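A short worksheet on the structure shown next.
The values are calculated or read from the model by the stated rules, or taken from the named source; none is laboratory data. What you are looking at is a predicted structure, and each value in this text was computed from that prediction instead of being measured. Methodologically, a virtual Cβ is constructed for each residue, glycine included, from the backbone with ideal geometry; neighbour enumeration extends over all protein chains shown. Note: areas computed on protein heavy atoms with side chains; ligands, DNA, RNA excluded. Shrake-Rupley method; radii C 1.70, N 1.55, O 1.52, S 1.80 Å.
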Amino acid sequence: MGATLRALRALVLLSGFYLISLVLLAALAGVDVALFHWGLRGIGAVKIAIVTVLLAVPVVRGMFMLRIPAPEDPAAVEVGEADEPRLWALVREVAEASGTHAPARILLTPDVNASVREDAKLLGLRPGPRTLTLGVPLLTGLSEAQLRAVLGHEYGHFTAGDTRLSAIVVRGRAQIGRVVEQFHATADGKVADERERQERTAAKRMAKGKKAREVDTRHTGALYRGMARLYTWYAKLYLRASLSTARGQEFAADLAAARIAGRDATASALREIPVLSAAHGFYLDSYATLGLPARTLPPRGQFFGGFGALLTARAGELEKLRAGLPEEPESRYDSHPPMAERVRRIEALPADGRGTEGDAPALALLTDPERTQAALEEAVLTAEALGFRRTTDWPELLNVAMAEGITTAQTPLHRALSAYTGRPATLTDVLDAIDEGRLWRVAERLPLSEEAAAAKGRAFRQFLRPALGDSLRTMVLAEFSARSLLSWEFSWSRAAVVRLPGAAGGAGASPEDAFEAAVDAALADVPDTAPLRALLPPTAVQPPEPPEHPPTRTDPART
């Protein structure tokens, strides 16, 4: 579909919004005319007339929304040509190869994404300044050749007029969204008022010793929600129609990228982006934000900068991800086609002999990557987060974070024992309960599956033993951590491994093996807590030894 037909389609979709609004206004006006024509009077007619006016207000306001919301820049670092000359040189080179002019601005963001925006005027009839956003994690994971393909794809949107035509689509979405939002806001306000009225009435009845009625607002604001549903239905139709066009634009932009950067570089870039996205989400959850509960961050510049180390260490795992690309869009309203289909279309093109030239890492285009990553932290993180303490390295961050998490953990066993004894649970209480044969009565208060709840005797113990083992391990490790006897081995390639005190292992066994054996012994059918008590610091689970010579009781009469 050419640019002219796409523009016509966008205008038709936008006009549909106005048509629905005019029909609704005519219907509301018809109600008022009918009231007047039939000579209806009284408070009921007045209420109906007021409702029709109130329903018309959001519709009229949405129709006369003359300005669409101004585009907002994401949290980012803007870099000029003097700041990043090599990056700008590549951007200009690809723009020239695409037959379009380069953007006026480059924004570096913390996302695995690249996008272009044109602030066009008069619904896209007049071009405007262009902005290119590039995610620093994208630069971290792509080669220069792959980045060239990504830029070629984005410029493909410029040359096809997609960025200017998007102004019409954006206007329609904004206007429909505004009307729906106003109807819902009005309905919510009426529900709140009605709830408050009913609650006041209930309070008065209770004050008089009468039974209060249950608050019921199910039918309040129904007319407004009904109007909102009508516009929501058209919004879904609008999105599906506009997004089908958007998916065609993505295929066309992929072909433009292959023409500029080559088939192989474009296909490899498309394969790489979902892998980087998954890896970056894992990195943020498991590494960068690890210390937030302890109000601690990685070394300065490493909140985003550590992503490269993760990619290097887990290269084998990532290779497996590249083989399994998504076959379905993320949602029915996703503006991008399935990545697997995009890759198949590019790889089906004739070989062009260009391979993946320029295989240097794209991050090397930045003059000082570490400085840029530090600046990105300042631009993206909240003021509160920027005030957190910084560790000197990643192993220190891991130890701080794990100490905070494990010492404050409330396991199911904590809660079950507290419910059983009526006081806060401690490790000493758990071990005493085991020695006194009360553990499985405590275990009855754990969250139980239907099968576990129905089991008896040894079968019951088999069901509960894994959960009890996890809780008991956590409680024991918390004791070590509270006394600074615990450490964790940091790794980019696998999960963190706990390291127990070296002396804990005893005769020939590693501390970790001795720990597991002691936990198993404590939870056996014939339990023995002695091995576990022996591993723990004496003050953690043992009462103080009585003094050799108890002090003589003082005679109060002689003081």
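Computed log10 I(q)/I(0) for region 339-418 at 0.14, 0.15, 0.19, 0.20 Å⁻¹: -0.84, -0.87, -1.01, -1.05, from the Debye equation with unit scatterers placed on every C-alpha and solvent omitted. The order of the peptides 204-210, 74-80 by mean Cβ neighbours within 10 Å, most packed first, is 74-80, 204-210. The residues of region 264-369 expose, per residue, 49 Å² of accessible area to a 1.4 Å probe. The alpha-carbon of Lys190 sits under 28 angstrom from the alpha-carbons of these lysines, leaving out residues fewer than 8 places away in its chain: Lys47, Lys204, Lys208, Lys210, Lys211, Lys236. Pairs of Cα atoms in region 377-492 fall into 10 Å distance bins, from 0 up to the last occupied one, in shares of 12, 33, 25, 18, 10, 2 percent.
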